[in-house]
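**Student:** My structure is below; once you've seen it, I'll send some questions.
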Amino acid sequence: MRKTEYLDSSVMGIQRAAEVLQAGGIVAFPTETVYGLGIDARLDRAAEELFQAKGRPPDNPLIVHLARIEDWPMVAAEMPLSAAQLLHRFAPGPLTVVVPKAPAISARVTAGLDTVGLRIPAHPVARELLLQAGVPVAAPSANRSGRPSATTWKSVREDLDGRIDAVLCADTIQVGVESTVVDCTGQIPIVLRSGGVTMDALRQACQGEVGVADQSPELARRSPGVRHPHYQPRAEVVLVDCLATTAIPGDATQPIAYCGLTPLPEQAARNVVLYRHFASVEDYARGFYEFLREADRAGARIVLVEPAPASGVGWALLDRQRRAAAPRDSMRQQKTAKQ
Ligand code: TXA
Ligand code: MG
């Protein structure tokens, strides 16, 4: 059990958080996508403690964060042209490029892969922390493994209080879904995970030369994280494509939560304990993870989710919604079947 310090995002708070990182500690900090859970990416021991604090499977590699593009040799052994072009276009921002790994980065961080995910976050508090710390910072999302990512410091506390050293608090998340992960080690860039940089923007930047990994064994090999269950609250998540015709599981007295871009039709309304109708797909992306957590806090047994339109940031949001609604054991079963 650790005593978790809650720091404000003043100069002194950021300075303290940087010291904790430099001393090998674990610090949660805000980024423009979701909260990250940072350590010095060169330290095996800190990486082991981080995987333990999160309950993360050791075969799922971490993204390494830097304040400035020009510091890339701290993280990468080389910078492929496609990665340099993408960083030039989208950094700082919600983009991660997968590139050959530098020897200084702990093999625990990259789960034994010879590549590393590199990201330059745009959030001013994250940038200042990275500058002050002066070390490459490996950071997965700041949630217990399998749970919805945290977009507020209270959600970080809910999952990780007593398991990490500090939380740098600033609830000014902009995007609400994680970075787009692009593998830049092959002939053409391949999207491994959808995210805050949209497919249209990527296509434009790469003049159409960009692939998307499907759910094939090849993706599982390139991006081990996709195999594991993700983003799931305690309540069951059900996607409701057409509310009028979808049969809502459970009996009518069960407490339900609903979120979407359109209001819940009256015929579907039952024992609704939490209701959110977002004004735009951007708001929906920003608020989705916290809504799932609020649904648990409100005692909902079922969360009805209207699927996001598959364009713009909705592309990434829809992916997260599908994973949140995936049968609880199916991904684990697939994994066992492959072993
Ligand atoms: O927006 C984000 O990306 C947030 C913030 C904190 O930066 N971080 C985040 O980390 O979402 P995490 O650990 O929850 O997700 C990292 C994803 C996983 O799907 C992992 O498999 C993939 O990135 N990844 C990391 N390194 C990789 C590598 N070398 N090759 C392939 N995939 C990698
Ligand atoms: Mg995550």
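**Student:** Dipole of the stretch 155-203, Cα-centred, from +1 at each Lys and Arg C-beta and -1 at each Asp and Glu C-beta, to the nearest 20 debye?
**Tutor:** Roughly 220 debye, rounded to the nearest 20.
**Student:** Still on this structure: Restricting to the chain, what percent of DSSP beta bridges are antiparallel, rounded to 5?
**Tutor:** Within the chain, antiparallel bridges account for around 40 percent of the total.
**Student:** Still on this structure, please answer the following. At Arg203 and Arg144, where each label point lies 7 Å from the Cα along Cα→Cβ, what is the point-to-point distance in nanometres?
**Tutor:** 4.1
**Student:** Listing Asp59, Asp214 from the residue with the fewest other Cβ atoms within 10 Å to the one with the most, what is the order?
**Tutor:** Ascending number of Cβ neighbours within 10 Å: Asp214, Asp59.
**Student:** Let me ask another. Work out how much length Arg89 to Ser280 would gain on full extension: take 0.36 nm times their residue separation and subtract the Cα-Cα distance, in nm to one decimal.
**Tutor:** Fully extending the segment from Arg89 to Ser280 adds 66.2 nm.
**Student:** Under unit Cβ charges (Lys, Arg +1; Asp, Glu -1), what dipole magnitude, rounded to 20 debye, does the chain have relative to its Cα centre?
**Tutor:** Once rounded to the nearest 20, the dipole reads 700 debye.
**Student:** Modelled label-to-label distance, Ala310 and Tyr6, 7 Å Cα→beta-carbon offset: nm?
**Tutor:** 4.2
**Student:** Then there's this: If you rank Thr180, Thr96 by fewest surrounding Cβ atoms within 10 Å, what's the result?
**Tutor:** Placing the least packed residue first, the sequence is Thr180, Thr96.
**Student:** Could you please report the charge total around Val175, scoring K, R as +1 and D, E as -1 over all other residues with beta-carbon less than 10 angstrom from its beta-carbon?
**Tutor:** -2
**Student:** If you take the square roots of the eigenvalues of the alpha-carbon gyration tensor of the chain and sort them as a ≥ b ≥ c, do you get rounded (a/c under 1.5), prolate (a/b over b/c) or oblate?
**Tutor:** Prolate, because a/c is 1.5 or more and a/b exceeds b/c.
**Student:** Within straight cross-link reach of Lys154, meaning Cα distance under 12 Å, which aspartates and glutamates are found once same-chain residues fewer than 8 apart are removed?
**Tutor:** Partners found: Asp171, Glu290, Glu294.
**Student:** Looking only at the stretch 12-37, which residues have a backbone nitrogen under 20 Å from a spot 7 Å from the Cα of Ile69 in the C-beta direction?
**Tutor:** 32-33, by backbone N distance to the label point.
**Student:** Taking +1 at the Cβ of each Lys and Arg and -1 at the Cβ of each Asp and Glu, which of Gln207, Pro103, Ala285 sits farthest along the dipole of the chain towards its positive end, judged by Cα position relative to the Cα centre?
**Tutor:** The listed residue farthest towards the positive side: Pro103.
**Student:** In addition: Within a 10 angstrom radius of the beta carbon, how do Lys3, Lys54 rank from fewest other beta carbons to most?
**Tutor:** Lys3, Lys54
**Student:** Of the options Val116, Ala91, His65, report the single residue whose Cα projects farthest towards the positive end of the charge dipole of the stretch 46-137 (beta-carbon charges: Lys, Arg +1; Asp, Glu -1).
**Tutor:** Ala91
**Student:** By how many degrees, between 0 and 90 and to the nearest 10, does the Cα long axis of helix 314-324 differ from the longest principal axis of the chain?
**Tutor:** 70
**Student:** May I ask you to compute the full-extension gain from Arg322 to Thr262, defined as 0.36 nm times their residue separation minus their alpha-carbon distance, rounded to one decimal in nm?
**Tutor:** Difference between extended and current length: 19.8 nm.
Only the coordinates and a few stated rules stand behind these numbers; no lab work does. Computed from a predicted structure; not experimentally measured. Counting neighbours? That spans all protein chains shown, and the Cβs are built from the backbone with ideal geometry, glycine included.
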